[in-house]
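Visitor: Before anything else, here's the structure in question.
The values are calculated or read from the model by the stated rules, or taken from the named source; none is laboratory data. It should be emphasised that the depicted structure is a prediction, and the values quoted were computed from it without experimental measurement. Note: ideal-geometry Cβ built from the backbone for every residue, glycine included; neighbour counts use all protein chains shown.
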Amino acid sequence: MIERDFIQQKTKEYYIKKYLENKLKGVGISSIVLKKIPLGEKIIIQAARPSLIVGSKGSNIRELTQYLKREFKLENPQIEIAEIKEYFLDANIVASRIAGSLERFGSARFKSIGHKILENIMQAGALGVEVVLSGKIPGARARSWRFYQGYLKKCGDVAVSSVNKAQQTALLKTGIIGVRVSIMPPNIVLPDHVEILDEPIKIIEEITEDKKVDKGIKKKATKKKTSKKKGDFAIETKKSKEKVQEKVSEEVKSEDVPVEEPQSQKPQEEAKEEREEKQE
């Protein structure tokens, strides 16, 4: 049946994820995704410290691929590692860190662990965070402690799809302690968010008659001014040179040519008188 094939595939993926989580404990695994590709199976691991997964010269990855081939009968498993930079905004990594610190230091320091984690998450830029520790802490009777800070959505579509949630368990001498973490990331867009824009400031100036007159004079002065280009300036220089040359030539001509003095009219009158006497 097809249903059995689906169930068998999902159980196989579940056991692969559990094995990788136990094998790579303390690396800060965020998520493990399995994909089918034409060459075989692809396993994408998102972790805070990918160098520990790779190992020296890829020795850890070779061991993991050989184990997956042998135990889970994968044809060609390909492991891909992605690094998470802001690991304090990932709920899985934070929950695993809290569980690891509780197993290391015990339940006596659970308050300092919770407050320190809250401070680191809020400094990373989260809008809100909630950490719930439940179990036999600090006494013999089980109870739950809640650490919270900021603004966190607990109902609606935003709380289901956008808030990062994770659960982990810490095994102590007194018993198992459950860790539940909810983080509201900074890039979330809330449906009830309203942005109020500032009203633009209008500046109104009163222009007097003196200012109007001054503006009119300035406009006229700007109209009269004309920009001379290089070509126009060259033409004007040529014309001025030609005028100077003409003046010099006229002065030279006036000095060289002798001025004719007007002939006296007396000899002409004497000749006329002689002619008249002869005729008489």
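Visitor: Any chance you could count how many residues in segment 153-192 are closer than 18 Å to residue 97 by Cα, surrounded by fewer than 16 Cβ atoms within 10 Å (Cβ to Cβ) and among the β-branched types (Val, Ile, Thr)?
Guide: Count: 2.
Visitor: If a residue must be under 32 Å from the mean Cα position of the chain (by Cα), of a type in the set (Gly, Ala, Ser) and under 24 Å from residue 86 (Cβ atoms), how many such residues does segment 143-198 contain?
Guide: Of the residues in segment 143-198, 6 are under 32 Å from the mean Cα position of the chain (by Cα), of a type in the set (Gly, Ala, Ser) and under 24 Å from residue 86 (Cβ atoms).
Visitor: Could you check segment 128-152 and list, in sequence order, the residues that are part of a loop (DSSP other than H, G, I, E, B) and surrounded by 18 or more Cβ atoms within 10 Å (Cβ to Cβ)?
Guide: 137
Visitor: Same structure again: Among the residues of segment 153-177, count how many are hydrophobic (A, V, I, L, M, F, W, C) and in a helix (DSSP H, G or I).
Guide: Going through segment 153-177 one residue at a time, the tally reaches 3.
Visitor: Quick test of your reading of the structure: residue 180 fulfils all but one of (1) at pLDDT below 85; (2) outside any helix (DSSP H, G or I). Name the failing condition by number.
Guide: (1)
Visitor: Could you count how many residues in segment 77-115 are surrounded by 14 or more Cβ atoms within 10 Å (Cβ to Cβ), modelled with pLDDT under 90 and of a type in the set (Lys, Arg)?
Guide: Total meeting the criteria: 1.
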